[in-house]
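First up is the structure itself, then whatever we jot down about it.
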There are 2 protein chains.
Amino acid sequence: MSLLPGVLAGETRAIARLLTRAEAGAAEAREALDAAYAAAGRAHVVGITGVPGSGKSTLVAKLVADIRRTGRRVAVVAVDPSSPYSGGAILGDRIRMAEVAGDPGVFVRSMATRGALGGLAHGTLEAVDVLDAAGFEVVLIETVGVGQDEVDVARAAHTTVVVSAPGLGDDIQAIKAGILEIADVHVVSKCDRPESDRAIADLRNMLALDLATSRRPLWRVPVLPVASLRDEGIGALREAIDRHREALDAEGGLLARRREIARRRLVKAGEDILRERFSREGEERIAALLQDLVERRASPRAAARALLDELAEGGTR
Amino acid sequence: MSLLPGVLAGETRAIARLLTRAEAGAAEAREALDAAYAAAGRAHVVGITGVPGSGKSTLVAKLVADIRRTGRRVAVVAVDPSSPYSGGAILGDRIRMAEVAGDPGVFVRSMATRGALGGLAHGTLEAVDVLDAAGFEVVLIETVGVGQDEVDVARAAHTTVVVSAPGLGDDIQAIKAGILEIADVHVVSKCDRPESDRAIADLRNMLALDLATSRRPLWRVPVLPVASLRDEGIGALREAIDRHREALDAEGGLLARRREIARRRLVKAGEDILRERFSREGEERIAALLQDLVERRASPRAAARALLDELAEGGTR
């Protein structure tokens with residue numbers, strides 16, 4: 001019994017059930033996910049990332065409410081840092097999303113990070129397909145801006161928003177520096193704080209330098225001050241996100257962006273298939289290979305190559 | 001001309017050169033890395049992870065100096081958050097390591113996170129092999145405790161230390177919760193702050209619950225207060241790390257740990273090989289597949305599977 005018709009009809013319960021089965025790795029979800037990919041492609045996918053403490057979760061909640069006021073349906077896929085053992089996502093969505101609770105035009109899903117044998121990135125982007133296919137006009141991907149997979153996910157969007165906040169510690173500032181370049185739109189949150197003027201000026205200077213070297217000739221990356229708790233700047237952020245999508249459309253940049261996203265997804269999907277094949281291989285064979293590694297008779301790379309070749313000979317799927 | 005003899009002799013310049021070539025993906029580094037893996041296996045590999053702002057970098061610098069006072073040679077591989085475009089690591093090592101600057105018994109290396117087409121985890125663990133083969137008795141892997149790859153790397157160690165700090169924001173606390181379970185040793189840094197007693201008590205309560213369900217019957221995970229800037233608690237941390245290694249040896253746990261590390265490395269090496277094969281595939285074939293994805297005639301998973309099978313047929317290596 002396929003879950004897909006309910007998903008395509010935008011039924012909340014069908015969507016939630018497909019996402020749960022997919023996350024559990026259920027075989028019957030596989031076909032539905034491929035069909036969801038085929039049906040998707042209309043949503044504006046927006047990645048929102050920022051360092052811990054940047055206030056991006058509060059901002060996302062306010063942005064959702066604002067997008068709703070324009071009449072569009074909006075979904076959020078939030079990648080939560082979670083235990084590699086329990087696989088449980090951290091709660092909190094329901095609380096901060098209180099403003100839009102019960103609104104069938106809003107759907108929020110937290111993804112757990114799945115540990116070494118499951119792919120965070122691939123699974124998150126498949127969830128985006130499902131919500132896109134279900135007719136949500138805007139799908140927000142919220143990730144913490146630390147970690148290779150997490151940043152990759154935020155970049156697999158049509159529009160990437162990077163949230164900064166003034167007055168964070170040195171460690172955080174160092175991490176922040178690593179994600180500034182991926183922004184189509186910059187937000188400086190907590191702009192009611194006195195240090196925020198400096199943060200805004202720093203970002204604008206950085207962008208002026210970029211512009212001087214003409215790396216982004218067509219779209220001028222804006223730096224937007226926001227105070228989520230006072231609802232200041234949220235409307236301007238929503239407008240900037242919409243304008244970026246229009247600019248992509250107008251300049252023919254959307255196709256290039258879609259190709260870039262496809263390339264990322266191809267790699268991430270390949271990694272997932274690989275992990276599955278490795279874990280499906282006979283335990284005896286794996287045990288023997290691990291023993292070779294432990295006794296240093298083979299390097300991890302040589303062992304992985306041997307296993308890949310055996311798996312390829314062993315058949316398809 | 002192989003770099004390996006110099007590496008095995010512990011020559012700083014040869015080590016640095018091999019690591020640089022390996023990070024650049026140079027073909028001649030490949031063989032040396034496999035040989036380094038074969039020669040490694042004696043070092044005590046210690047993963048040190050903590051959320052941003054936990055003060056783990058300062059702690060690592062102090063710990064290095066302390067381990068040196070026991071006469072052992074010690075190396076650090078630090079995974080720095082860095083730009084996905086520039087690939088440049090953030091500076092700072094040389095400054096905070098001033099205490100041990102010029103000491104040939106200390107080696108510090110920052111790894112850049114390498115973006116979508118390079119594996120952070122695999123590369124970092126190969127750097128550990130090189131330092132192990134070069135005769136460093138202790139190799140510390142320092143990573144930020146956010147991000148799937150980053151946490152995986154910290155777990156690919158004989159002893160994993162998780163650094164917490166009192167009084168961080170809610171976002172950070174949520175992330176922290178995700179890494180507590182991987183600790184063999186807990187550190188609460190900045191213990192000169194008044195809120196640290198609470199942080200220590202919370203961790204001890206959590207561990208008492210774990211113990212009640214007897215998940216870790218043999219090794220009792222300690223919770224150690226440290227004030228790095230005052231040099232308080234550093235010696236006790238070093239002793240706990242050494243005791244954990246002794247406990248692993250005594251209980252026969254080391255072999256299980258080595259197998260677990262080998263399993264992680266097998267998967268990570270496989271991912272790296274896959275990325276290389278994908279990027280080596282002819283551009284025309286990839287362009288056609290990407291076009292299929294963009295037009296949604298195939299799902300990322302179906303396309304990745306097809307590509308994997310073609311590559312396997314196309315030959316080995």
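Observations, loosely collected:
- Residues with amide H under 5 Å from that of A:Thr160, placed H, sequence gap 5 or more: A:Gly47, A:Asp184, A:Val185
- Across the stretch A:188-194, coupling constants 3J(HN,Hα) worked out from phi with the 6.51/-1.76/1.60 Karplus curve, θ = phi - 60°, read 10, 7, 6, 6, 7, 8, x Hz, and Gly and Pro carry x.
- Neighbour counting of Cβ atoms within 10 Å sorts the residues B:Ser189, B:Ser57, fewest neighbours leading, into B:Ser57, B:Ser189.
- With a simple spin-label model that places each label point 7 Å from the Cα along the Cα-to-Cβ direction, the separation between B:Arg243 and B:Glu260 comes to 2.0 nm.
- For B:Arg73, the residues 5 or more places off, or on other chains, whose built amide H falls under 5 Å of its own are B:Glu137, B:Val138.
- For the peptides A:237-244, A:181-188, the ranking by mean Cβ contacts within 10 Å, running from highest to lowest, is A:181-188, A:237-244.
- Förster-model FRET efficiency, 41 Å R0, B:Ala201 and B:Arg72, C-beta, rounded to 0.05: 0.80
- For the stretch A:296-309, putting each phi into the Karplus relation 6.51 cos²θ - 1.76 cosθ + 1.60 with θ = phi - 60° gives couplings of 6, 7, 9, 8, x, 5, 5, 5, 5, 5, 4, 5, 4, 5 Hz, in residue order, rounded to whole numbers and with x for Gly and Pro.
- Inter-chain Cβ neighbour average for residues B:50-63, partner chain, 10 Å: 3
- Near the amide H of B:Val188, within less than 5 Å, lie the amide hydrogens of B:Ser164, B:Leu224, B:Val226, all on another chain or at least 5 residues away, with H placed in the peptide plane.
- Across the stretch A:29-45, computed HN-Hα scalar couplings (Karplus, 6.51 cos²θ - 1.76 cosθ + 1.60, θ = phi - 60°) run 6, 3, 5, 5, 5, 5, 5, 5, 4, 5, 7, 7, x, 9, 5, 8, 8 Hz from first to last residue, x flagging Gly and Pro.
- Exercise: per-residue mean of other protein chain Cβ atoms within 10 Å, B:256-267: 6
- Neighbour counts of C-beta atoms inside 10 Å place A:Leu254, A:Leu59 in the sequence A:Leu254, A:Leu59, starting with the fewest.
- Over 31 Å (Cα to Cα) - which of A:Lys190/B:Lys62; A:Lys56/B:Lys190; B:Lys56/B:Lys268; A:Lys190/B:Lys268; B:Lys190/B:Lys268; A:Lys268/B:Lys62 fall in this group: A:Lys190/B:Lys62; A:Lys190/B:Lys268; B:Lys190/B:Lys268; A:Lys268/B:Lys62
- Sorted shortest first, the separations between the B:Ala256 label point and its copies elsewhere in the assembly read 5.4 nm; each point sits 7 Å from Cα along the Cα-to-Cβ line.
- Exposure proxy for A:Thr49, B:Thr160, A:Thr20: other Cβ atoms within 10 Å of each Cβ, ordered fewest to most, give A:Thr20, B:Thr160, A:Thr49.
- Between the stretch B:25-79 and the stretch A:118-154, the alpha-carbon center distance in angstrom: 33 Å
- Counts of other chain beta carbons within 10 angstrom of each beta carbon in peptide B:269-279 average 6.
Any read-out appearing in this document is the output of simple, stated calculations on the displayed coordinates, not a laboratory observation. Since the structure is predicted, the reported quantities are computational estimates derived from the model, not experimental observations. Reconstructed Cβ throughout: ideal geometry from the backbone, glycine too, with neighbour counts over all protein chains shown.
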